[in-house]
Amino acid sequence: MAPKGKVGTKGKKQIFEENKDTLKFYLRIILGANAIYGIVNLVIFYTTATLWTWMAFVFSLMIYGASYRSMSSMAKPTFTDDGALADGGIDLNMEQGMAEHLKDVILLTAIVQVLSCLSLYMWYFWLLAPGRALYLLWVNILGPWLTADSSPANQEPNEKKQRRQERRQMKRF
């Protein structure tokens, strides 16, 4: 059951602390997934590691780097000259925010990277990310734009014409 009343807002300090914890959590996920992948594929099974194994590793490092860097730049706090917190940065735990999608990309990459220790074919699951991006593009931008009704300015003359026609019909009868 949803809480009743106004939803509480977070203060600058609370956002700052939660962002620090969130970044630390996702950094641990990144390091853990890379450690597992590196130990299994590049140390234990080094002799069977192919170019594709290394390319997948570099791909995941690029995805992690871009996502984590974007999240850390979004959460970057600003301080006043005397060292007080002026702004805690963008809330990384906000629902329906860009950070939510970046966190999903990090989690998807980590899961796929660890599962790819079993088979390199697991990397095909990473195609879920562009699929989700296309879905969000369609639902939020393209779909409403293509199916939008005509503008209200164009509807008013139509309403006037309709009223005139109704009056004319009433006069005829």
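The values are calculated or read from the model by the stated rules, or taken from the named source; none is laboratory data. Predicted model only: the values in this text are computed from it and were never measured. For neighbour counting, all protein chains shown are included, and Cβ atoms are generated from backbone atoms with ideal geometry for every residue, glycine included. The protein model used for the area step is the full one, side chains on, heavy atoms only, and it has no ligands, DNA or RNA in it. Shrake-Rupley method; radii C 1.70, N 1.55, O 1.52, S 1.80 Å.
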## Note on the structure
Only unsatisfied item for A33, checking (1) of a type in the set (G, A, S); (2) more than 19 Å from S116 (Cβ to Cβ); (3) over 18 Å from the mean Cα position of the chain (by Cα), is (2)
### Summary
Only one of (1) closer than 28 Å to L136 by Cβ; (2) in a helix (DSSP H, G or I); (3) not β-branched (V, I, T) does not apply to L42, and that is (1)
### Message
Name the residue that is farthest from V105 (Cα to Cα), counting only residues in region 38-75 that are out of contact with any helix residue (DSSP H, G or I) (no Cβ under 9 Å at 6 or more places or on another chain) and surrounded by 12 or more Cβ atoms within 10 Å (Cβ to Cβ).
### Response
I44
## Note on the structure
Within region 4-32, the residues that are surrounded by fewer than 15 Cβ atoms within 10 Å (Cβ to Cβ), modelled with pLDDT of 80 or more and aliphatic (A, V, I, L, M) are L31
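I'd like to check which helices (runs of 4 or more DSSP H) are fully inside region 73-173 and have at least 1 residues that are in contact (Cβ under 8 Å) with a residue 40 or more places away in the chain. Show your work before the answer.
Details: elements: 98-115, 128-137, 143-146, 152-172.
Counting at least 1 such residues, we get 98-115.
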### Query
Consider L85 against the criteria (1) at pLDDT below 90; (2) open to solvent by less than 40 Å² (accessible area, probe 1.4 Å); (3) of a type in the set (A, V, I, L, M): it satisfies all of them except one. Which criterion is unmet?
(2)
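Give region 91-104 a look and list any residue that's farther than 21 Å from Q14 by Cβ and buried (at least 19 other Cβ atoms within 10 Å of the Cβ), or say none. So that I can check it myself, show each step before the final result.
Within region 91-104, the subset farther than 21 Å from Q14 by Cβ is 101, 104.
The answer is none; no residue qualifies.
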